[in-house]
1. Using the structure shown, decide if I157 is of a type in the set (V, I, T) and surrounded by fewer than 20 Cβ atoms within 10 Å (Cβ to Cβ).
2. So L81 fits all but one of (1) open to solvent by less than 40 Å² (accessible area, probe 1.4 Å); (2) more than 13 Å from the ligand (Cβ to nearest atom); what number is the exception?
3. One residue is enough: does region 27-41 have a residue meeting the conditions under 30 Å from P158 (Cβ atoms) and either within 16 Å of the ligand (Cβ to nearest atom) or open to solvent by 40 Å² or more (accessible area, probe 1.4 Å) (or both)?
4. For the list (1) assigned to a helix (DSSP H, G or I); (2) surrounded by fewer than 16 Cβ atoms within 10 Å (Cβ to Cβ), I need the number of the one condition that I273 fails.
5. Against the definition (within 16 Å of the ligand (Cβ to nearest atom) and either modelled with pLDDT under 95 or hydrophobic (A, V, I, L, M, F, W, C) (or both)), how does I172 come out, yes or no?
6. State which residue pairs qualify: first residue assigned by TED's automatic domain parsing to the domain that holds S101 and in a strand (DSSP E or B) and inside region 167-187, second residue open to solvent by 10 Å² or more (accessible area, probe 1.4 Å) and among the aliphatic types (A, V, I, L, M) in any location, beta carbons under 8 Å apart, and separation of 6 or more residues or different chains.
7. Which residue pairs have Cβ atoms under 9 Å apart, sit 6 or more places apart or on different chains, and have a first residue in region 310-326 that is assigned to a helix (DSSP H, G or I) and a second that is surrounded by fewer than 14 Cβ atoms within 10 Å (Cβ to Cβ)?
8. Report, by residue number, each residue of region 54-78 that is open to solvent by 20 Å² or more (accessible area, probe 1.4 Å), part of a loop (DSSP other than H, G, I, E, B) and either away from the ligand (no atom under 16 Å from the Cβ) or at pLDDT below 95 (or both).
Amino acid sequence: MKVHNFSAGPSILPKEVMQQAAAAVVELDGSGLSLIEISHRSKAFIDIMDEACTLALQLTGLENKGYKAIFLQGGASLQFLMTAYNLLEKKAGYVNTGTWSNKAIKEAKLFGKVLELASSKEANYKYIPKGYSIPEDIDYLHLTTNNTIFGTQLKDIPATGVPLVADMSSDIFSRAFDYSKFDLFYAGAQKNMGPSGATLVIIKEALFGKVSRIIPSMLSYQIHAEAESMFNTPPVFAVYTSMLNMRWVKSQGGVEKLGEKNKLKATLLYGEIDRNSKFTGFAAVEDRSEMNATFNLVNPEDAEPFDALCKSSGINGLKGHRSVGGYRASMYNALTIESIEILVDCMQTLEQKY
Ligand SMILES: *Cc1c(COP(=O)(O)O)cnc(C)c1O
């Protein structure tokens, strides 16, 4: 039976990407050697890293625009710390849209003053705050473009002259977006880019050397950038597989084309959530994420039959995060519309039979 993988992360990747990655673990491009046994300083791997960084800039429309793409380790969680370490001199603004922004705020407080400019905590992060004022003298404004757990997504980038920093872990490469409005953004690979173990950071080179504090080498963007992401041994498998997936994104027509498909997928699922008397959506309609749809059953007693229906249709990873409950359907780039149709079928069967 075909499995439909709605897991929030680590999550679905295109089959062909996994097949190519698996083949390279056995033997990389007819070299007689495995991807994971060659030197990261070999020409073969340097070419892979180069291609990964170039693709990341191409897909975000930032090639030759003064940005550098680097691959690091430590997940998005290390970026909560590194962004502040490298950029926070006096004070920074944060918008609190859920679990991940909270964690970013906590780390940033170790380095300077953190102004929580807006929060939707009082509504369990059902919506994205808007219309808050942004002081002009902050070092940067930190946003989370997609709130993986609560299923909300930033649609409009706030207008401001201050540097913008964003956690894009769960929606990078998922839509046409003006990435050039951001001065730095980062994404743990395992949501929409590749396997866990690599983190992509895209940073404006003008941001290097902005703070007066001494930054330990491993936490310095400038050092990793100058070393072309090879300051220490990079996570070769995660970078390689992310590179393959970025090639796939490009072959699909880039973020514009995938964005259109993602919109269709999301429209189909949210349409059913709104139509079906058994279900209710969690996130505010105007802020609904095209990557993670959060929804609940109206009657908790329906959980047993619905879960059984999902199971018998091969649906995997639909359980909501413990802080929201209910269900969460993650619809990353590699998930096809057929998988959404199967889920919608299960929802309709529940309504008709129970
Ligand atoms: C998953 C996730 C994180 C945490 O990523 P790690 O790689 O586990 O550190 C941070 N931010 C967002 C938006 C996420 O979805």
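The values are calculated or read from the model by the stated rules, or taken from the named source; none is laboratory data. Keep in mind that this is a model prediction, so the values were computed, not measured. So basically every Cβ, Gly included, is an ideal-geometry build from the backbone, and we count neighbours across all protein chains shown. We work out accessible area using only protein heavy atoms, side chains counted, and drop any ligands, DNA or RNA first. Shrake-Rupley method; radii C 1.70, N 1.55, O 1.52, S 1.80 Å.
1. Details: of a type in the set (V, I, T): yes; surrounded by fewer than 20 Cβ atoms within 10 Å (Cβ to Cβ): yes.
In short, yes.
2. (2)
3. So in region 27-41, the residues under 30 Å from P158 (Cβ atoms) come out as none.
Within region 27-41 (the criterion being under 30 Å from P158 (Cβ atoms) and either within 16 Å of the ligand (Cβ to nearest atom) or open to solvent by 40 Å² or more (accessible area, probe 1.4 Å) (or both)), the answer is no, since none of the residues qualifies.
4. (2)
5. Values: within 16 Å of the ligand (Cβ to nearest atom): yes; either modelled with pLDDT under 95 or hydrophobic (A, V, I, L, M, F, W, C) (or both): yes.
Against the criterion (within 16 Å of the ligand (Cβ to nearest atom) and either modelled with pLDDT under 95 or hydrophobic (A, V, I, L, M, F, W, C) (or both)), I172 qualifies.
6. Partner pairs satisfying both residue conditions: D167/A76; L184/L87; L184/L207; Y186/A76; A187/A76.
7. Correct list of pairs: S312/M1.
8. G61, E63, N64, K65, G66
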